[in-house]
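Chemist: First, the structure itself, so that you have it in front of you.
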Amino acid sequence: MSEAVDPSGGMNLVTKSALVLQAIADAGELSVNELAERTGEPASSLYRLLSTLEMIGWVEPGSRRGKMRLGLGFVRLGARLESQLDLRELARPELERLHAETGQTAFLCIRRGLRAVCIDRIDGLDVQIHNLRLGESMPLGQGAAPRAILAFESADIVERYLRELPDDPLFGPVAPSPESLREKLSETAAAGVAVAHNDWGQGIGGVGAPIFNHKGSVVGALSISGQTHRVFHSGYDLVASVKSAADTVSRALGAMRATESTPDLHERRAV
Amino acid sequence: MAAKPIRVMANSADLLNALADRGPLSVVDIAEELSMPRPSVYRLLDALQHVGLIGLRDDGRAQLGTEILHLADAAVGGIPEVRAARPAMARLNERTGQTVYLCALRHQMVACLDWVKGTKVTLLLLNPGGTLPPHAGAASRAILAWDEPLRWHVTSAAPLQKLTPHTLVAAHQIEADAVLTRDRGFSISDEDVTIGVAALGVPLFDARGELRGALSVAGLRDDIVPHQDDYGALLKEAAAEISAAI
């Protein structure tokens with residue numbers, strides 16, 4: 001394609017490249033003819049595009065002759081981006097929004113071993129929760145945010161937790177037995193949020209929702225906690241708010257692909 | 001093959017590389033970095049954002065888009081050596097606690113295809129997609145020891161680039177190291193890339209006996225050098241397992 005006669009300045013080559021990259025990503029590696037079949041582009045224009053993509057490191061020769069696969073350029077870009085994405089920085093605006101909406105205590109937790117560590121929090125306006133201060137941790141089975149993490153962790157971690165913490169004194173009030181905790185976890189997994197009515201006693205309850213990365217692994221959880229009668233009987237829908245805040249952070253980490261939710265792109269792809 | 005890449009794609013690559021190296025950038029920064037007029041930058045950003053390769057932050061700066069993460073996963077997953085090496089790499093990491101690298105030769109450089117980070121420190125010098133010259137680092141020197149044409153090519157360019165005072169730079173040093181490495185069965189990189197960091201590397205061959213890359217274990221010098229015999233044996237074991245799977 002000549003850039004001189006293309007009014008978009010060659011910008012649809014970007015779109016075309018993305019299509020080619022996606023097709024290769026889906027298949028692992030493809031020949032030019034297979035690519036032509038899948039993208040509807042003539043092989044002649046694909047040759048030129050692929051030679052450019054190879055020069056910039058976006059594709060490389062595959063393991064079989066004549067096939068192309070994605071290039072190491074993306075491996076490098078991906079590694080850099082992963083190191084640039086900071087969970088705390090991405091979650092902060094959502095913590096602030098939740099706090100402003102509810103006036104309750106907002107938490108951000110990550111897993112360390114079999115405990116959830118609080119890496120950010122904003123205190124509520126009416127009560128101060130003494131549990132889970134900044135840098136403190138709780139067993140994964142307790143409290144809204146920790147349980148939101150545990151419910152989406154691998155079966156391995158869940159079993160280890162049940163094995164290693166059965167006598168924890170705090171294990172009792174939430175779930176008196178491994179079976180009842182397992183049940184609670186599957187409820188949480190099905191609902192997509194952890195609802196804790198009175199985990200810590202003292203009339204404190206809350207809602208926690210998991211945050212996922214681009215691989216679909218749980219990397220942390222956001223939660224809102226406060227006096228049970230305030231958090232669950234107010235003018236806002238706590239479950240929906242916490243869930244949407246966690247989803248926003250997951251999206252920023254690449255958990256839900258932009259291309260899957262952008263109808264505009266599907267239209268472009270169809271062209 | 002065309003002599004030059006198509007300009008809009010070359011600009012796209014330059015932009016993504018700048019965002020990778022410098023983090024989020026404003027339109028003004030990008031215009032300067034790419035020597036492009038601002039209206040062209042806006043058009044390029046718009047096109048790249050549409051396909052998810054960049055994202056726009058609330059503050060208006062551009063950053064790498066999350067689609068990159070999926071393409072990176074697909075790129076890594078598309079390399080047969082990576083798939084074959086994963087279980088053995090995870091086990092090596094579990095048993096040593098150190099960073100485990102899988103590397104292969106790309107355009108006369110040794111590129112990191114995949115890694116499992118160490119439990120204690122994250123090594124910053126070599127990341128997935130990054131490269132080292134073939135004369136420095138454990139994976140490099142393992143490949144170099146078993147790849148004679150490459151060694152000839154490398155030594156004919158001596159004196160080589162000195163990364164630290166311990167980097168092998170003379171042809172006779174390279175040849176002597178290759179003999180030692182082949183005798184021992186693994187390479188020892190002791191502060192030749194980064195001061196304070198050491199690594200051990202073994203070559204990876206496929207079923208036909210062709211050299212496909214190298215596997216290495218790297219970490220702080222005190223966590224590697226005293227354990228070189230144990231870790232060397234674990235590496236050889238892992239390499240045999242991976243070779244059988246390629």
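Chemist: Quick check on my filter: what residues within the range B:2-13 are in contact with a helix residue (DSSP H, G or I) (Cβ under 8 Å, 6 or more places away or on another chain) and more than 15 Å from A:G78 (Cα to Cα)?
Modeler: B:A2, B:K4, B:P5, B:I6, B:V8, B:M9, B:A10, B:N11, B:S12
Chemist: Could you grab me the full set of residues in the range A:171-215 that are assigned to a helix (DSSP H, G or I), of a type in the set (G, A, S) and either modelled with pLDDT under 90 or touching a helix residue (DSSP H, G or I) at 6+ places or on another chain (Cβ under 7 Å) (or both)?
Modeler: Hits for the range A:171-215 are A:G172, A:S180, A:A189.
Chemist: Filter the range B:48-80 down to residues that are within 16 Å of B:L19 (Cα to Cα) and small (G, A, S) and give me whichever is nearest to the other protein chains (Cβ to nearest Cβ).
Modeler: The qualifying residue nearest to the other protein chains (Cβ to nearest Cβ) is B:A72.
Chemist: Does B:R151 qualify as being of a type in the set (K, R), more than 29 Å from B:A90 (Cβ to Cβ), at pLDDT 95 or above and assigned to a helix (DSSP H, G or I)?
Modeler: Against the criterion (of a type in the set (K, R), more than 29 Å from B:A90 (Cβ to Cβ), at pLDDT 95 or above and assigned to a helix (DSSP H, G or I)), B:R151 qualifies.
Chemist: Go through the range B:8-63 and count every residue that is out of contact with any Gly (no Cβ under 8 Å at 6 or more places or on another chain) and among the small types (G, A, S).
Modeler: Going through the range B:8-63 one residue at a time, the tally reaches 9.
Chemist: Just to be sure before I move on: is A:R88 in a loop (DSSP other than H, G, I, E, B) and more than 11 Å from every other protein chain (Cβ to nearest Cβ) in the structure I sent?
Modeler: When the stated conditions are applied, A:R88 does not pass them.
Chemist: Which of the residues that make up the range A:44-56 are facing chain B (nearest Cβ under 7 Å) and either assigned to a loop (DSSP other than H, G, I, E, B) or surrounded by fewer than 20 Cβ atoms within 10 Å (Cβ to Cβ) (or both)?
Modeler: Correct list: A:R48, A:S51, A:M55, A:I56.
Chemist: Can you give me the number of residues within the range A:1-34 that are at pLDDT below 90 and either part of a helix (DSSP H, G or I) or within 23 Å of A:V75 (Cβ to Cβ) (or both)?
Modeler: Matching residues across the range A:1-34 total 2.
Chemist: Could you identify the single residue in B:A85, B:A31 that is out of contact with any His (no Cβ under 6 Å at 6 or more places or on another chain), of a type outside the set (F, W, Y), at pLDDT 95 or above and over 27 Å from B:L105 (Cβ atoms)?
Modeler: Result of the check over B:A85, B:A31: B:A31.
Chemist: Restricting attention to the range A:117-166, report how many residues are aromatic (F, W, Y) and surrounded by fewer than 17 Cβ atoms within 10 Å (Cβ to Cβ).
Modeler: Matching residues across the range A:117-166 total 0.
Chemist: Hey, does the range B:93-109 have a residue that's away from chain A (no Cβ under 13 Å), crowded, with 21+ Cβ neighbours inside 10 Å and either touching a Cys at 6+ places or on another chain (Cβ under 8 Å) or in a loop (DSSP other than H, G, I, E, B) (or both)?
Modeler: For the range B:93-109, residues away from chain A (no Cβ under 13 Å), crowded, with 21+ Cβ neighbours inside 10 Å and either touching a Cys at 6+ places or on another chain (Cβ under 8 Å) or in a loop (DSSP other than H, G, I, E, B) (or both): present.
Chemist: Can you list residue pairs whose Cβ atoms sit under 7 Å apart, with the first residue in the range A:64-90 being touching a residue at least 60 places away in the same chain (Cβ under 8 Å) and the second being assigned to a helix (DSSP H, G or I)? Count only pairs 6 or more apart in sequence or on different chains.
Modeler: The qualifying pairs are A:L90/A:V249; A:L90/A:A252.
Chemist: Is it the case that the range B:202-210 has a residue that's of a type outside the set (A, V, I, L, M, F, W, C), in contact (Cβ under 8 Å) with a residue 40 or more places away in the chain and more than 23 Å from B:L150 (Cβ to Cβ)?
Modeler: Among the residues of the range B:202-210, not one is of a type outside the set (A, V, I, L, M, F, W, C), in contact (Cβ under 8 Å) with a residue 40 or more places away in the chain and more than 23 Å from B:L150 (Cβ to Cβ), which makes the answer no.
Chemist: A further question on this structure: Restricting to the range B:1-46, and then to whatever is at the interface with chain A (Cβ under 10 Å from one of its Cβ atoms), hydrophobic (A, V, I, L, M, F, W, C) and surrounded by 17 or more Cβ atoms within 10 Å (Cβ to Cβ), can you tell me which residue is nearest to the chain's Cα centre (by Cα)?
Modeler: Checking each candidate, the answer is B:A20.
Chemist: B:L124 is checked against (1) within 15 Å of the chain's Cα centre (by Cα); (2) surrounded by fewer than 19 Cβ atoms within 10 Å (Cβ to Cβ); (3) farther than 22 Å from B:N93 by Cβ; (4) not acidic (D, E) and fails just one. What number does that condition carry?
Modeler: The failed condition is (3).
Chemist: Right, another one. State which residue pairs qualify: first residue in contact (Cβ under 8 Å) with a residue 12 or more places away in the chain and inside the range A:32-50, second residue among the hydroxyl-bearing types (S, T, Y) in any location, beta carbons under 9 Å apart, and separation of 6 or more residues or different chains.
Modeler: A:V32/A:Y47; A:L46/A:T39; A:L49/A:S17
Chemist: Could you grab me the full set of residues in the range B:155-201 that are touching a residue at least 40 places away in the same chain (Cβ under 8 Å) and farther than 25 Å from B:T122 by Cα?
Modeler: B:T181, B:R184, B:G185
Chemist: Could you list, in sequence order, all residues of the range A:221-242 that are touching a Phe, Trp or Tyr at 6+ places or on another chain (Cβ under 9 Å) and either among the β-branched types (V, I, T) or under 11 Å from A:A145 (Cβ atoms) (or both)?
Modeler: Across the range A:221-242, the qualifying residues are A:A221, A:L222, A:S223, A:I224, A:S225.
Chemist: If you don't mind, another one. For the range A:57-72, how many residues meet the condition of being closer than 18 Å to B:H70 by Cβ and in a loop (DSSP other than H, G, I, E, B)?
Modeler: 3
The values are calculated or read from the model by the stated rules, or taken from the named source; none is laboratory data. Small disclaimer: the values here were computed from a predicted structure and weren't measured. In this analysis, Cβ positions are derived from the backbone assuming ideal geometry, glycine residues included, and neighbour counts consider all displayed protein chains.
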